[in-house]
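Single-structure report; data block below.
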Amino acid sequence: PVTEIDHDEL
Amino acid sequence: MNIFRLCGDLSHLLAILLLLFKIWKTRSCAGISGKTQLLFTIVYTARYLDLFTSFVSVYNSVMKIVFLTASYGTLYLMFYKFKPTYDHNHDSFRILYLIVPALVLSFIIVHVYTVMEILWTFSIYLEAVAIMPQLFMVSRTGEAETITSHYLFALGSYRALYILNWIYRYYTEDFLDWITIMAGIVQTILYCDFFYLYITKVLKGKRLSLP
């Protein structure tokens with residue numbers, strides 16, 4: 001499965 | 001969210017608003033690099049496509065929308081409304097020299113091979129060097145208006161504050177993202193010369209002019 005990265009900065 | 005990141009974001013926001021204010025108030029975009037503004041618009045567009053795919057917080061989403069709107073607004077003012085005041089002769093940096101390497105690098109050093117992730121990485125690399133046409137323009141004309149200097153100082157401080165934020169996050173939550181950290185350091189180093197001039201000249205009430 002492809003990992004989704006959550007970018008929590010702007 | 002910590003104090004460093006909040007100050008960084010506010011500094012970033014201040015920079016963008018300062019630029020819009022300057023252009024609107026003086027009805028001129030003299031001394032501003034349209035190429036740097038175009039690069040920043042590409043940066044925000046590539047990075048904030050995730051507005052449609054992931055939600056972090058209302059704060060994040062609002063800031064993303066503000067950055068996008070302001071950057072397109074700046075392009076509109078520069079290339080349409082106040083186009084005659086745009087000093088394109090001095091804005092001669094070749095931006096393909098920045099875009100192509102940033103794009104190539106984002107295919108080589110990236111966390112995950114997905115379209116969104118490559119676009120995000122590209123935006124991080126491009127942002128690191130996006131100020132170069134503007135700094136090149138200041139060096140060519142040998143000066144910058146005071147409000148332009150404030151704009152550049154706020155814009156440079158933003159990533160420097162983010163570096164403090166990453167150090168803080170490393171110790172408090174084990175957060176470590178080498179892509180943003182390395183790019184952020186490069187981005188901040190590019191401003192060092194300007195920071196020196198800003199502190200030694202602009203803060204003492206003098207106009208920023210190069211020897």
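The table that follows gives values for the structure above.
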{"read-out": "Residue in region B:45-58 that is within 22 Å of B:Phe194 (Cβ to Cβ) and in a helix (DSSP H, G or I) present", "value": "no"}
{"read-out": "Selected residue (criterion: surrounded by the most Cβ atoms within 10 Å (Cβ to Cβ)) from residues of region B:169-211 that are among the acidic types (Asp, Glu) and over 16 Å from B:Gly8 (Cβ atoms)", "value": "B:Asp193"}
{"read-out": "Residue count for region B:65-124, restricted to those that are out of contact with any Cys (no Cβ under 9 Å at 6 or more places or on another chain) and outside any helix (DSSP H, G or I)", "value": "14"}
{"read-out": "Number of positions in region B:4-29 that are more than 14 Å from chain A (Cβ to nearest Cβ), assigned to a helix (DSSP H, G or I) and farther than 16 Å from B:Leu155 by Cβ", "value": "3"}
{"read-out": "Any hit, region B:128-144, residues being of a type in the set (Gly, Ala, Ser), over 19 Å from the mean Cα position of the chain (by Cα) and more than 16 Å from B:Gln187 (Cα to Cα)", "value": "yes"}
{"read-out": "Failed item, numbered, when B:Trp166 is tested on (1) in contact (Cβ under 8 Å) with a residue 24 or more places away in the chain; (2) within 14 Å of chain A (Cβ to nearest Cβ); (3) surrounded by 17 or more Cβ atoms within 10 Å (Cβ to Cβ); (4) farther than 19 Å from B:Gln37 by Cα", "value": "(1)"}
{"read-out": "Residues located in region B:30-53, provided they are surrounded by 15 or more Cβ atoms within 10 Å (Cβ to Cβ) and within 9 Å of chain A (Cβ to nearest Cβ)", "value": "B:Arg47, B:Tyr48, B:Asp50"}
{"read-out": "Any pair with Cβ under 8 angstrom, 6 or more apart, that starts in region B:58-78 at a residue that is at positive phi and ends at one that is of a type in the set (Ser, Thr, Tyr) and at pLDDT 95 or above", "value": "none"}
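The values are calculated or read from the model by the stated rules, or taken from the named source; none is laboratory data. As the structure is a computational prediction, the values presented were derived from the model and not from experiment. With ideal geometry, Cβ positions are generated from the backbone for all residues, glycine too; neighbour counts draw on all protein chains shown.
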